[in-house]
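Okay, so here's the structure we're looking at.
What follows is calculated from the coordinates using simple rules that are stated; it is not laboratory data. If you're wondering where the values come from, they're calculated on a predicted model, not measured in any experiment. A quick note on method: Cβ atoms are made from the backbone with ideal geometry, for glycine too, and the neighbour counts reach across all protein chains shown.
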Amino acid sequence: MNKIKLWLSKLSFRTGVILIIICVICYIISFAQMLLPISATAKGIFWFVFFGLAKTFQYAGIAVLGVEGVKRIKKWWNNIKTNKK
């Protein structure tokens, strides 16, 4: 497990952001599919798969970004908020 964390931490900041964006997309799909006219069993399977993918991309993205990357994203987000006011 430590080898995987070490490998992920060597990836770029941009890769981490892409992983987090994919995570958000998977979360949206995991819940939006509930609106489809399919059986409850299929809905459960879709939710399980996409929610699991979302969690996987979330943890991988956080491992890639690390603490400094998260601080960088928060600073960027706060700058956007203050510029809109």
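For the chain, with a Gaussian network of springs between Cα atoms less than 10 Å apart, report the residue from Ala32, Ala60, Ala40 with the top mean-square fluctuation.
Highest fluctuation among the options: Ala40.
So which lysines can Lys5 reach, going by Cα to Cα under 20 Å and dropping same-chain residues fewer than 8 places off?
Lys55, Lys71
How much mean residue ellipticity at 222 nm does the chain get from its helices, if each DSSP H run of length 4 or more adds -39500 (n - 2.57) and you divide by all residues, to the nearest 500 deg cm²/dmol? Can you show the working numbers first?
Details: 3 runs with 73 residues, N = 85.
It lands at -30500 deg cm²/dmol.
Based on DSSP H assignment, which helices of the chain show an axial Cα extent of at least 15 Å together with a mean Kyte-Doolittle hydropathy greater than or equal to -0.5?
Helices passing the filter in the chain: 13-32, 40-84.
Between (i) 18.6; (ii) 14.4; (iii) 14.8, which entry matches Kirkwood radius over Cα pairs in Å as derived from the coordinates of this structure?
The value matching this structure is (ii).
Which one of Ala40, Cys23, Gly69 is farthest out on the positive end of the charge dipole of the chain, using unit charges on Cβ (Lys, Arg +1; Asp, Glu -1) and the Cα centre as origin?
Value computed over the given set: Gly69.
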